[in-house]
Every structure is written in structure tokens, then in C-alpha cells.
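Trainee: Sharing a structure below in C-alpha cells format, with a few things to ask.
What follows is calculated from the coordinates using simple rules that are stated; it is not laboratory data. Quantities reported herein were computed from a predicted structural model and do not represent experimental measurements. Methodologically, a virtual Cβ is constructed for each residue, glycine included, from the backbone with ideal geometry; neighbour enumeration extends over all protein chains shown.
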């Protein structure tokens, strides 16, 4: 298990990691045995942002059930806030400053939509910052500002 041993010893340096629950709830329990004593946390990959993803419906529902039962789980990677039953964070991929898609099936939504309408806490940006011909520092600042402004708007709506 690379999380607690092996070459990478991930739990020694990663405070938060993620997993999918296709193997069942045992994956959470196994990671928790290593991570809980180190005060680490786990995000469940409940949904993805690519077109045709299979992580939907019953799979997502099972993620929510497992997260509620397992203290080691601190939240989700998904498109929206899933539950209010526990204070779980939501990190959302597929963020673009302009809603659109790409040739690889990625579906982008704006920071405002993700944070204010879907209730997500953190935006995950990839190609919008690191795409070909982009100034990564400049783009990261743009996304940071857009995310922060969306968060302030959500607070005003509360």
C-alpha cells in the first residue's frame, strides 16, 4: 500500500488524499488506519466533470453514505454539495472562466456557478491555468479572484 509504505509513503507528506470507492468501504477503512493517527483526511471521488462519466446515481449515493459513516472522510470531489448531514467539503473540477467543453470531453462550468449555485467550497482548475500558451501565474490569479468573488456572493445570499 503506497499510502502508508512502499516507495512513496503518501501519508507522510499528503495531508489530504482522494480515492474512489469502487472497491467498497474497505478502501476507506484501510486508508484510515494509516491516515487517522497522522491527522490526515480523505476526499471521495463522487463525481467527475468529463462527459459520459460513470460516477453517477447509485455510485454517488453510496459515496455520500460512506462519507457520513466514516470520520476519516472530510469531503468529496464532485460537482455540488451533496449533504448537510456532516460538515463535508466539496472540491469541484471542470472549472473554466467561460462555461464550455473541450475535445477530450471535459465540461467546464464557471467559478460563480460552481460556488454560488452548486454550493461547492473549492474549485479545481487544470487546463485553464496550465494550457498551451498560458501564463500560469496570471491565469491562477484570475481564477483565484473569480473564485473569491463567487464565495463573497454566496455569503451575501446566505
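Trainee: Going 7 Å from the Cα of residue 154 in the Cα-to-Cβ direction, what parts of the stretch 61-84 have a backbone nitrogen less than 15 Å from that spot?
Mentor: From the stretch 61-84, the list is 75-84.
Trainee: Can you tell me the order of 139-149, 37-47 when each peptide is scored by its average per-residue count of other Cβ atoms within 10 angstrom, highest first?
Mentor: Highest to lowest by the protection proxy: 37-47, 139-149.
Trainee: Can you tell me, using C-alpha contacts under 8 Å and at least 6 residues apart, the relative contact order of the chain as a whole percent?
Mentor: Answer for the chain is 16 percent.
Trainee: Between the helical axis of 26-35 and the dominant principal axis of the chain, each derived from Cα atoms, what acute angle in degrees is found, rounded to the nearest 10?
Mentor: 90 degrees
Trainee: Right, another one. For helix 57-69, report the angle its Cα long axis makes with the longest principal axis of the Cα atoms of the chain; keep it between 0 and 90° and round to the nearest 10°.
Mentor: Approximately 60 degrees, to the nearest ten.
Trainee: In a GNM of the chain with a 10 Å cut-off on Cα contacts, which of 73, 21, 137 has the highest mean-square fluctuation?
Mentor: Greatest mean-square fluctuation among the candidates belongs to 137.
Trainee: Averaging over every viewing direction, what projected area does the convex hull of the Cα atoms of the stretch 1-91 cover, in nm²?
Mentor: 6.0 nm²
Trainee: Just to verify a number: FRET efficiency for residue 144 and residue 84, C-beta to C-beta distance, R0 = 22 Å, to 0.05?
Mentor: 0.25
Trainee: Moving to a separate point now. What angle, in degrees between 0 and 90 and rounded to the nearest 10, separates the Cα long axis of helix 136-157 from the longest principal axis of the Cα atoms of the chain?
Mentor: Helix 136-157 and the main axis of the chain meet at about 80 degrees.
Trainee: For the chain, how big is Rg over Rh, using alpha carbon atoms and the Kirkwood form of Rh?
Mentor: My calculation puts Rg/Rh at 0.99.
Trainee: With a 10 Å radius around each residue's Cβ, average the other Cβ atoms per peptide and rank 57-63, 90-96, highest first.
Mentor: 90-96, 57-63
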